Amino acid sequence: MKSCDLMLIGPLSLDENIDYTGNVVQETGGAVFFGAHAAVSSGADTFAAVKMAEKDRELLAAFGLDDAHTVLLASEQTTRMTNTYTTKTRERRRSVCSAQSDPVTAEELPQIPCRLCHLAGLLYGDLPEELIPCLKKRGKVSADMQGYLRHNEGGEMVLRDWAHKKDYLGYIDVLKADAAEAEVLTGTADRSRAARMLHDWGAGEVLISYNEAMLVYDGSREYTCPVKARNLSGRTGRGDTVFGAYLARRVKGEAPAEALLFATGAVSMKMEAPGPLHASEAEIRAYIKEQYGE
């Protein structure tokens with residue numbers, strides 16, 4: 001493979017998801033997994049650099065990408081998570097990590113030209129901070145803030161502010177945080193204000209995900225788009241999916257407003273069924289026409 005639009009970098013996760021009724025489902029997960037599926041469905045030439053144990057290599061097939069578009073970054077173990085959702089809306093969950101993969105190093109990443117490298121971490125330590133300026137030398141960089149805020153403390157997931165955020169935000173062209181992460185980073189529950197603060201501290205575009213709507217601030221204008229999922233059976237992977245789709249449309253040249261509409265439509269569609277997004281770009285656009293009248 002000579003080049004790609006988008007390279008996603010991060011750990012695969014073996015997830016046990018328990019809904020509010022106690023129903024248990026074993027699934028493949030992780031930001032790199034959901035994000036890659038969304039990016040492919042959104043029309044981007046996508047490469048996945050996946051941190052996981054060699055013994056779990058067969059799980060790479062779940063990405064639906066050929067060997068030229070994936071690489072296994074060897075780890076002693078594969079990340080394992082248990083997510084217990086306590087409400088029907090799946091807005092509240094308790095996450096426990098029983099195993100965390102080794103950190104990704106710059107030396108193990110393939111030297112494949114790409115328009116944007118996305119740091120799709122799950123937990124603090126997955127993607128060391130020094131990777132950010134290193135990848136910036138290759139081109140544009142995006143990052144999911146969960147990989148810098150979610151700390152594994154004896155298995156329990158604890159959100160903590162990113163101590164060195166102001167040293168690294170200036171390297172990030174597109175940043176994603178959910179509403180809780182944005183509040184931890186900025187100290188405000190006002191999503192519009194939080195997006196502007198993160199931009200003022202150096203981030204380029206900022207996407208903040210929320211259960212009712214998605215928000216993007218590009219430094220001059222704010223855009224919002226409502227989530228219109230008709231059910232929430234596929235809630236897991238919401239933020240990863242919307243960001244993967246948004247990045248794909250942006251690297252393909254769409255403006256922020258159009259990319260946000262497409263991405264929010266894509267994630268609304270994905271949330272109606274468990275697992276990653278399985279759809280063509282045409283099917284997503286048809287869903288948007290039906291649900292958004294666009």
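Brief remarks on what is shown
- A single member of G35, G22 is within 30 Å of K88 (Cα to Cα) and within 15 Å of the chain's Cα centre (by Cα), and it is G35.
- All positions within region 15-48 that are surrounded by 20 or more Cβ atoms within 10 Å (Cβ to Cβ) and of a type in the set (A, V, I, L, M, F, W, C): A31, V32, F33, F34, A36, A38, A39, V40, A44, F47, A48
- Single condition G10 does not satisfy, out of (1) assigned to a helix (DSSP H, G or I); (2) buried (at least 17 other Cβ atoms within 10 Å of the Cβ): (1)
Residue by residue, here is whether (1) β-branched (V, I, T); (2) modelled with pLDDT of 95 or more holds:
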position: T79; (1), (2): yes, yes
position: R94; (1), (2): no, no
position: E107; (1), (2): no, yes
position: L116; (1), (2): no, yes
position: P128; (1), (2): no, yes
position: R138; (1), (2): no, no
position: S142; (1), (2): no, yes
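- Residues satisfying the criterion are present in region 97-116 (criterion: surrounded by 21 or more Cβ atoms within 10 Å (Cβ to Cβ) and within 23 Å of H199 (Cβ to Cβ)).
- Strands (runs of 3 or more DSSP E) (entirely within region 95-206) containing at least 1 residues that are among the polar types (S, T, N, Q) and touching a Lys or Arg at 6+ places or on another chain (Cβ under 9 Å): 140-144
- Counted as qualifying within region 214-294 are the helices (runs of 4 or more DSSP H) with 3 or more residues that are crowded, with 24+ Cβ neighbours inside 10 Å and at pLDDT 95 or above, namely 238-251, 256-270.
- Note on region 80-93: residues that are without any contact (Cβ under 8 Å) to a residue 12 or more places away in the chain and in a strand (DSSP E or B) amount to 1.
- Selected residue (criterion: nearest to the chain's Cα centre (by Cα)) from residues of region 118-137 that are buried (at least 24 other Cβ atoms within 10 Å of the Cβ) and farther than 18 Å from H151 by Cα: H118
- Remark: pairs (first residue in region 34-51, over 10 Å from R249 (Cα atoms); second residue of a type in the set (G, A, S) and in a strand (DSSP E or B); Cβ separation under 6 Å; 6+ apart in sequence or on different chains) = A36/A48; K51/S75.
- Scanning region 49-64 for residues that are part of a strand (DSSP E or B) and either within 17 Å of the chain's Cα centre (by Cα) or buried (at least 21 other Cβ atoms within 10 Å of the Cβ) (or both) yields A49, V50, K51, M52.
The values are calculated or read from the model by the stated rules, or taken from the named source; none is laboratory data. Since the structure is predicted, the reported quantities are computational estimates derived from the model, not experimental observations. Ideal geometry is used to build each Cβ from the backbone, glycine not excepted, and the neighbour counts take in all protein chains shown.
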